[in-house]
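FYI, it's all coordinate maths here, none of it is from the lab. Predicted model only: the values in this text are computed from it and were never measured. Virtual Cβ from ideal backbone geometry, glycine too; neighbours counted across all protein chains shown.
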C-alpha cells in the first residue's frame, strides 16, 4: 500500500511537530507543513496531497475558510482540528459542517480513524463526480445522435436502424466519434434550410 501523503497546517510549531512525528511513526508521509492558512493553500495546490490536517485557528486565512476552499475545490480530503470552544462555530444556519472535525485534545486512535474515513469518503466523492460527468456526457451524446437520426430519417427516408448504421459507418470510416458525426448531420441540415 502506498503511503498517504499529508499536509499539516497548524500555527503551533510544537503541536505541528508532534503531529508530524505521530503521523510518520504509523506510516503516513507528511509532505508539507504550514503555520498560516494562505501558506497552507499554496503548499496544498503545489503538492496535491491525499489529505490535509488543518487547525481551525490559523492566521491570515482561517482553518474554517481553508477547509471550505479545499472541500469546494476538491483539492484533497480534509480534516479540521478545532478547540472545544470552537466546535459550536461549525454549524451555520442549522446546516452541519460537511468536513470531519477532530475536537482537541484528541488521541492517536481518533486521529487515524478520522484521517482514514475522510480519505475514503473523499475518494468515493471523486469517483461519484467522475461517474456523474461521464453520465452527463453520454446523455448529451445520445440526444445529439437521436436528433441526427431523426434528420436522416426525415430527409433520406431511412429507418431508425438504417440512419444509426449510416452514422456509425461514417464514424468508423472517419475515425471520429458518433457525437461529431451527429453534430455534422445537424449542422448540414440547419445550413440547408
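Looking at the stretch 27-51 only, could you name the residues that are part of a helix (DSSP H, G or I) and either in contact (Cβ under 8 Å) with a residue 60 or more places away in the chain or closer than 19 Å to residue 68 by Cβ (or both)? Answer for the stretch 27-51, where residues must be part of a helix (DSSP H, G or I) and either in contact (Cβ under 8 Å) with a residue 60 or more places away in the chain or closer than 19 Å to residue 68 by Cβ (or both): 37, 38, 39, 40, 41, 42, 43, 44, 45. Within the stretch 1-46, the set of residues being surrounded by 14 or more Cβ atoms within 10 Å (Cβ to Cβ) and closer than 13 Å to residue 76 by Cβ comprises 4, 5, 6, 7, 8, 9, 31, 32, 40, 41, 43, 44.
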